[in-house]
Amino acid sequence: MDRVLNWIASHDDEPPYLLVDRETLKEKISLIGKGIKNSKVFYAVKANPDIEVIKYLNNFNIGFEIASEGELAILSQLNVNPQRIITSNPIKTFKFLKEAVKYGIDYYAFDSQAEVEKMARYAPNKKVYVRLSVPNEGSEWPLSKKFGVEIEEAVELLIYAKQKGLEPVGITFHVGSQCSNIYNWHTAIDKARQVKELAKKAGIEIKMLNIGGGYPIEYTKKVPPIETIEAKINALLEEYFPDTDIFIEPGRAVVGDAGVFVSRIIGKAKRGNENWLYIDVGVFNGLMESIGGIKYQYIVGSRGEEKHWTIAGPSCDSFDVIDKEVLLPEPDVGSLILILAAGAYTISYASEFNGFSIPKTFLI
Ligand SMILES: *Cc1c(COP(=O)(O)O)cnc(C)c1O
C-alpha cells in the first residue's frame, strides 16, 4: 500500500487508472504451483492482458494460456516461445486456430466433435485435451454451463480425436473463477481419474491433466489460502495422477491482488434514505465483475462520519451501480477512492461506453 500511495503522490496522472504492483506479481508467481508436484503454470492472459504486465510476467519461468488472436498478438510481440503457450478455449475461431498453428503452439482444448473436425483440418497432429464438465458451486464467476462434457462423452471424444489424426494427451476442467469451495477440485479430479481409466482401456494414455484456474483472492470475504488448496489438490493428484504432467492456469490469483484502481469521487447525493457516491470508474469501464457479485474493498482518505453508501459509476446507465451498503467515512467530492484487489478482470472487461475512456494501467 505504501508503494501505491507513494506513486500517487509523485505523479499527476488524472484518474481513473489502475496501478499494478510488480512485487505482488512476483510473490504470486513464486507461490502458485509450488505445492503441486510436476506442475507447470500457464497464466490465463484474459485476466489482465496489459502489455507491461505480460512483459513483466514473461521474465519468470511460467507459460501463458490464451484464447484468441488478440492474445496471441501480444505474446508474439514479445517473442514468447510457442512451447510456453497453450490454448484452453474449447471452441476456437478459425483465424485464431490458423494463427496459433502457424506460431507453433502445440496444445489445444476441445469438447465437441465439431471442434475435433475443425482441428483435424487446421491443426493436424496437434496435442489435444478434452474439457470435462465439473461442479462450479461456490465459485463467484461460474464457467461450467458453456463448456465441458460428461465422463463418457469425454472418452468418446478422445477416441474420435485419435481417429482423426490428432494426438489426445490430456484432460482439463475449470472449477469456476473465484472458487473458494475446495471440494470442487476434489470432484473434478475424481471425474478426471475416471476419464483417464476409461481412456486407458481404449488405448489412450493420459499424460497431462490441466486443472484450469479458479484460485480465489480476498476481496471482502475470507477465502482459503492457495497453500491449503494446493495441499489438498496435490494429495489427490499424487494418488490418482502420480506420473502425469499437471498444468495450472491461474488468472485472477496472479494479477488480482496486485492491482489497485485509483478513482476520483465525482459526485454525492441523497436519494430517499440512500447515500449515493458517484466515482469515475464503473461497471462499464472497469468494474464489470461487480454485477456478478464481486464486492471490492474501498479506501478513502476522509475522517468524516461513517455512513453506508451506494457506489455508482460515471455513465448515464442505471445498470452502472457497483456496490451497495458500503460503510465508509464521508469523503469530499474531488477526493480519491482506492479500489483494492482490482488487477484481474477489470481493464480486460472495460469498454468506452458513453464516452468514458478505459483507464490506463501503470506497472509500479
Ligand atoms: C478464465 C480461464 C482461466 C483463468 O481462471 P481464473 O479463475 O482467473 O484463475 C483458466 N483457464 C481457462 C480455460 C479459462 O477460461
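The values are calculated or read from the model by the stated rules, or taken from the named source; none is laboratory data. All values derive from a computational prediction rather than experimental measurement. Glycine gets a Cβ as well: all are built from the backbone with ideal geometry, and neighbour counts include every protein chain shown. Heads up: the accessible areas ignore ligands, DNA and RNA and are worked out on the full protein's heavy atoms, side chains in. Shrake-Rupley method; radii C 1.70, N 1.55, O 1.52, S 1.80 Å.
These residues, Thr244, Thr187, go from largest to smallest accessible area, 1.4 Å probe, as Thr187, Thr244. Ordering Arg22, Arg264, Arg131, Arg303 by accessible surface, largest first, gives Arg303, Arg22, Arg264, Arg131; the 1.4 Å probe counts only protein heavy atoms, with every chain in place. Apply the a/c threshold of 1.5 to the C-alpha gyration tensor of region 72-152 and tell me whether it is rounded, prolate or oblate. Taking the square roots of the gyration eigenvalues as a ≥ b ≥ c, region 72-152 is oblate. Summary of the geometry: region 66-143 and region 231-268, compared by the centres of their Cα atoms, lie 20 Å apart. Taking 18 Å as the cut-off, the amide N atoms of region 157-198 that come nearer than this to a point 7 Å along the Cα-to-beta-carbon line of Glu137 belong to 174-192.
Would you kindly state the longest site-free stretch of the chain, with sites defined as chymotrypsin sites (Phe, Trp or Tyr not before Pro) in a DSSP loop (not H, G, I, E, B) surrounded by at most 15 other Cβ atoms within 10 Å? Counting at most 15 other Cβ atoms within 10 Å as exposed, the longest clean stretch of the chain is 61-318.
Estimated from helical segments only, the mean residue ellipticity of the chain at 222 nm is -8500 deg cm²/dmol, where each DSSP H run of four or more residues counts as -39500 (n - 2.57). From the Kirkwood radius over Cα pairs of the chain, Stokes-Einstein at 4 °C and 1.567 mPa s returns a whole-number translational diffusion coefficient of 60 µm²/s.
Centre-to-centre, using Cα atoms only, region 1-25 and region 161-200 are separated by 40 Å. The heavy atoms of His186 present about 50 square angstrom of accessible area, all protein chains included, probe 1.4 Å. Heavy atoms of the protein chains alone define the surface here; on that basis region 22-254 has 43 Å² accessible area per residue at 1.4 Å probe size. Heavy-atom accessible area for Asp13, with the other protein chains in place and a 1.4 Å probe, reaches approximately 50 Å².
Evaluated at q = 0.15, 0.16 Å⁻¹, a Debye calculation over the C-alpha positions of region 259-363 (equal weights, vacuum) places log10 I(q)/I(0) at -0.55, -0.63. Over the chain, with a Gaussian network built from C-alpha contacts below 10 Å, which listed residue (Lys232, Lys270, Lys102) shows the highest mean-square fluctuation? Looking only at Lys232, Lys270, Lys102, the biggest GNM fluctuation is shown by Lys270. Measuring nothing but protein heavy atoms, the accessible surface of the chain at 1.4 Å probe radius is 49 percent carbon and sulfur. Among Phe96, Ala44, Gly301, whose Cα sits farthest toward the positive end of the charge dipole of the chain (+1 at Cβ of Lys/Arg, -1 at Cβ of Asp/Glu, about the Cα centre)? About the Cα centre, the residue reaching furthest to the positive side is Phe96.
Put simply, the amide H of Gln297, placed in the peptide plane, has neighbours under 5 Å in Leu340, leaving out anything fewer than 5 places away on its chain.
For Arg264, the amide hydrogen comes within under 5 Å of the amide hydrogens of Asp280, Val281, Ile337, counting only partners 5 or more places away or on other chains and with H modelled in the peptide plane. Approximating the spin labels as points 7 Å out from Cα along Cα→Cβ, the Thr220-to-Asp317 distance works out to 2.2 nm. Within region 143-219, the GluC sites (Glu not before Pro) that combine a DSSP coil assignment with at most 13 other C-beta atoms in a 10 angstrom radius are Glu150, Glu205.
Using a cut-off of 24 Å between Cα atoms, the listed pairs Lys191/Lys232; Lys201/Lys232; Lys37/Lys162 include Lys201/Lys232; Lys37/Lys162 as exceeding that distance.
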